[in-house]
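Right, one structure below, let's go through it.
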Amino acid sequence: MTENHGRAPAVASWVGRRWGRAREWIARGVTWGCASVSLLALGLITVYLFCEGVPVFRTVDPLAFLGGKAWFPTSEPPSLGILPMILGSGLVTMVALAVAVPFGVATALFIGEVVPTVFRNPLKVAVELLAGIPSVVYGFFGLVIVVPWLEALLGLPTGQTALTAALLLGVMALPTVASLTEDAVAAVPNAWREAAFALGATHWQTMRTVVVPAARSGLLAGVLLGMGRAVGETMTVLMVSGNSPRFLPSLTSPTRTLTATIALEMAETPVGSPHYHALFAVGTVLFVFTLLLNVVGDMVGHRLGRHG
Amino acid sequence: MRTGVKLAVGALFVVAALGLAGVAQSLVIKGSTTVLPIAQLIAEEFAAIHPAAVISVQGGGSGTGIAALIDRTTHIAISSRAMKPSEWAKAVANKVYPYHWFVANDAIAVVVHPTNPISRITFAQLRAIYTGEIRNWKDLGGRDQPIVVVSRDTASGTFESFKELVLENKEVTAPAALFQPSNGAVAETVGRTPGAIGYIGLGYLNPTLKALPVARDAAGPFVEATRDTVVAGIYPIARPLFMITDGFPTGLVLEFIMFVLSDQGQRTVEEAGFVAIRRIGG
């Protein structure tokens, strides 16, 4: 409203101002509402998980549940020990990280430090696409290609092993590790690199002694979130790990993870039975673990934001 | 005029009553996880013909379903066994008179890779394999090759049947046994793994698998897993599946049972991987 021809435009501008303010309030309300819905969902899921999981301790005491070695949920009476699955999840996750971290960090350094700027964005998109492949596709690929290949390569009776699951999970966690590390590398000020070059450091020395140490909190956040991805992944593991509920300390034997146990048995478990509550308790254990990983990962990541 | 109004009001009441009755047509089916897939598939088809019917299908096991029938909290109990004398006594004391309908055959085929030279197997050998006592095919007269034991997940009806009929309720304790989430996944794994042995619903047999003739003991007879041997009642890893009602049913419950027994219902039984109660034309 640049001109003023008496009352009518004045009213219009008053309405306009009012509308502008109202719009602000609506926008604020909508975003506030959306934020609280996701918080509420998290709260409700947490409460529900605990409410459905805790009753299992009427059948089995917490120590026997977490430390028990036998999982025969449909026996009379049932044996509900999840230690083999905790160990299975741990083994598969650690080996997956051993794959994802070196490859992820190297990918990030290549994208951030080595490759000419023209190729930087296409490469970043390619890595992100890797994260977009549905897990069932990874599982199917694993079952049809990786399982027979490992069988032939290592002369195993079956290729459905912990190693198979770990290799696939490693590839699946790679984009998380790579993109978080890449962000951290990009946040390292250029002046530091130039200073290193000015002191006579080579490209490799600069990366090793300046860029990586400066980006370490982002790198650590990437590792932790990648770990969360590997622990929580279900479909792929269910399809290729063999799901044997006895833990064998060998990478070339079948194994079973916490997530696969829930997916495998939930569909046909009678609602309200000890088995049903045990599966929820397994979910609670997973939830607590991934929550811790995310919180720690986030804290480490924030430190990067402030100091990077 | 007044009669016209009365008639109109009366008609309205009738329509309202019919509408209510339509809404209230509920059917509760509860029990065995083995029969559950059959009940669910047939309930879906039945609901398509009876849009007003509200059908609820719940698992919980045969015992749970039968208990619910005795408590009158379900219309139909689905069960993988006939009622026990103790259950009969409870039912009759509660003035519930159970009526068993034989609706399907649950038959399980034991399968190996087609290249496996083993040609037949006994229950005792299967128990030894699934509990980990025998771990190499050469102990059964086959090749020198480790046995890859493949089982269904412990929550499935197929596992439950196999455990009861063959394993004498022992658990699968073979150390590196593979547990698969579906009959299809068992078939897939056994078809791809030369040293594997598995078990699947008869309806899931395919040419990439070799079904072994089985016998209760070494004296035989070894019976092949086919629809004919199952329907004839001579295949040993098979059992009848039941739907149980309170007395001879009426109304929606009767219609549902008749639908299960019809050719269409029995074809659905076969689609779910079970064997029909009679030979049906394709």
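With a 10 Å Cβ neighbour count serving as the proxy for reagent exposure, in which order, fewest first, do B:K90, B:K163 appear? Could you put the intermediate results ahead of the total?
On the way: B:K90 16, B:K163 20.
So the residues, fewest neighbours to most, are B:K90, B:K163.
Can you put A:T161, B:T73 in order of Cβ neighbours within 10 angstrom, beginning with the fewest?
On the way: A:T161 30, B:T73 10.
Least crowded to most crowded, the residues run B:T73, A:T161.
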Once a ≥ b ≥ c are taken as the square roots of the eigenvalues of the Cα gyration tensor of the protein assembly as shown, is the result rounded (a/c under 1.5), prolate (a/b larger than b/c) or oblate (a/b not larger than b/c)? oblate
For the protein assembly as shown, what number of Lys pairs, 8 or more residues apart or on separate chains, have alpha-carbon atoms under 19 Å from each other? 5
A:L292 and A:I133 label points (each 7 Å along its Cα→Cβ direction) are spaced in nm at 3.2 nm
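For A:A186 and A:R28, what is the calculated FRET efficiency with R₀ set at 30 Å and r taken between the beta-carbons, to the nearest 0.05?
Working: r = 32 Å, r/R0 = 1.08.
After rounding, the FRET efficiency stands at 0.40.
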Zone residues, the stretch B:166-209, relative to B:Q40, backbone N less than 19 Å from point 7 Å out along Cα-to-Cβ: B:180-187, B:200-204
Label-point separation in nm, B:Q264 to B:E133, each point 7 Å along Cα→Cβ: 5.0 nm
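Can you figure out the FRET efficiency of A:T59 with B:A89, using R₀ = 35 Å and their beta-carbon distance, to the nearest 0.05?
Working: r = 29 Å, r/R0 = 0.82.
After rounding, the FRET efficiency stands at 0.75.
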Would you mind giving the mean number of other chain beta-carbons within 10 Å of the Cβ of each residue in A:72-79, as a whole number? 3
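What number, rounded to the nearest 500 deg cm²/dmol, is the helix-based mean residue ellipticity at 222 nm of the protein assembly as shown, given -39500 (n - 2.57) per DSSP H run of at least four residues and division by all its residues?
Details: 23 runs with 321 residues, N = 590.
Helix-only estimate at 222 nm: -17500 deg cm²/dmol.
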May I ask you to list the residues of the stretch A:102-116 whose amide nitrogen lies under 17 Å from a point 7 Å from Cα along the Cα→beta-carbon direction of A:A126? A:103-116
Could you tell me which of A:L123, A:L143, A:L87 has its Cα farthest along the dipole of the stretch A:67-307 towards the positive end, charges placed at Cβ (Lys, Arg +1; Asp, Glu -1), taken about the Cα centre? A:L123
Alpha-carbon radius of gyration plus Dmax, which is the widest Cα pair, for chain A in Å: 25.8, 92
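Kirkwood Rh and Cα-based Rg: tell me the resulting Rg over Rh for chain B, rounded to two decimals. Could the numbers behind the result be given before it?
Numbers: Rg = 23.2 Å, Rh = 20.8 Å.
When Rh is taken as the Kirkwood radius, the ratio is 1.11.
Which FRET efficiency, nearest 0.05, do A:T117 and A:F140 yield, Cβ-Cβ r, R0 30 Å?
Values: r = 37 Å, r/R0 = 1.23.
It comes to 0.25.
Every number in this text was worked out from the coordinates using simple rules, so none of it is lab data. Please read these numbers as outputs of a predicted model, since none were measured by experiment. All Cβ positions, glycine included, derive from the backbone under ideal geometry; neighbour counts span all protein chains shown.
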